[in-house]
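The values are calculated or read from the model by the stated rules, or taken from the named source; none is laboratory data. As the structure is a prediction and not an experimental result, all values here were calculated from the model. A quick note on method: Cβ atoms are made from the backbone with ideal geometry, for glycine too, and the neighbour counts reach across all protein chains shown. Heavy atoms of the whole protein, side chains included, go into the accessibility calculation; ligands, DNA and RNA do not. Shrake-Rupley method; radii C 1.70, N 1.55, O 1.52, S 1.80 Å.
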Amino acid sequence: MHKSGKFIVIEGLEGAGKSSAVAILTRTIQAVGHTVVNTREPGGTAMAEAIRDVVKHDWKDEKVTVEAELLLMYAARAQLVQNVILPNLDQGHWVVGDRHDLSSQAYQGGGRQIDQNMIESLRNITLKAFKPDFTLYMDVEPQEGLKRAKGRGELDRIEQEDLSFFERTRARYLLLAEQDPNCVVINTMQDMQAVHKDVELAITQFLER
Ligand code: T5A
């Protein structure tokens with residue numbers, strides 16, 4: 001499989017502050033001499049970006065089924081992993097991903113309450129044994145995260161879900177983060193300076209491993 005590149009992922013609800021965490025990780029990893037490639041999900045290839053548009057779009061009278069949403073997330077992920085992530089890791093580059101598979105487990109599994117076995121099957125087909133080397137889960141209370149996201153402009157189709165959807169999503173994130181020894185939880189209810197310090201510390205400790 002891949003040579004020596006590592007796949008680092010940032011996860012969290014909307015407004016958790018993933019964008020600035022991605023910037024900190026990228027800077028810190030580059031500072032020790034690695035080439036960093038940034039990705040986002042859904043998206044990151046021409047086709048996956050088109051899927052992103054489709055999945056974030058509001059289709060007015062046409063209900064987007066939970067199954068269609070799940071399949072689109074995995075279709076985009078298949079494109080990104082095979083065309084971008086794996087080839088870069090093979091070349092020894094590090095990939096910093098804004099969201100990956102944990103998002104599907106949390107949003108579609110927790111939020112949409114899709115059966116875990118169905119998600120697991122898609123995961124096995126799409127990713128096989130591939131998984132991130134390290135994940136930072138940026139934890140935010142849904143109300144606060146949505147307030148921050150709203151402050152940035154219009155909410156998309158998924159962001160317009162009710163609070164209980166995001167509470168279920170967060171609960172699933174926390175559960176899965178706790179079970180994963182390669183996942184660190186960052187409390188983003190603190191001020192930004194404290195959050196950034198925690199992110200820097202987490203990635204520095206990973207680099208020193
Ligand atoms: N999705 C995605 C699924 O349902 N399943 C999947 O499998 C995948 C891959 C993606 C959508 O798709 C869903 C999840 C999403 O709904 P997106 O546009 O990528 O859509 O959505 P997000 O990744 O959530 O993007 P956001 O931009 O909303 O979140 P960020 O990046 O976490 O937020 P950020 O960094 O832009 O911060 C938001 C604002 O908050 C402020 C920032 O300055 C910014 O203004 N902020 C803080 N303010 C105070 N204190 C702090 N500690 C702060 N941290 C940030």
Rounded percent of accessible protein surface that carbon and sulfur make up, the chain, 1.4 Å probe: 51
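Give me the extension gain from D162 to Q190: residue separation times 0.36 nm, minus the current Cα-Cα distance, reported in nm with one decimal. Don't skip to the answer; put the middle values down first.
Working: separation 28, 0.36 × 28 = 10.08 nm, distance 2.40 nm.
Gain on extension, D162 to Q190, equals 7.7 nm.
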Just by accessible area at a 1.4 angstrom probe, what is the order of S20, S103 from largest to smallest? S20, S103
As straight-line cross-link partners of K147, the qualifying lysines (C-alpha separation under 26 Å, not fewer than 8 residues apart within one chain) are K18, K56, K60, K63, K197
In nm, give the distance between the simple-model label positions of V32 and W59, each being 7 Å from the Cα along the Cα-to-Cβ direction. 4.4
Would you give the gap between the C-alpha center of region 117-170 and the C-alpha center of region 30-78, rounded to a whole Å? 12
For the peptides 194-200, 169-175, what is the packing order when you average, over each peptide's residues, the other Cβ atoms within 10 Å and list the highest mean first? 169-175, 194-200
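With a 1.4 Å probe and all protein chains left in place, how much accessible area per residue does the chain have, in Å²?
Values: 10580 Å² over 209 residues.
With the other protein chains kept in place, the chain gives 51 Å² per residue.
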Within region 161-209: Cβ-based charge dipole about Cα centre, in debye rounded to nearest 20 (Lys, Arg +1; Asp, Glu -1): 100
Return, for the Cα atoms of the chain, the radius of gyration and Dmax in Å, separated by a comma. 16.4, 52
If R₀ is 30 angstrom, what is the calculated FRET efficiency for the pair E67 and R152, using the beta carbon separation as r and rounding to 0.05? 0.50
Highest mean first, what order results for 81-87, 180-186 on Cβ atoms within 10 Å? 81-87, 180-186
Return a whole-number percent for the relative contact order of region 1-127, with Cα pairs under 8 Å and 6 or more residues apart as the contact set. 42
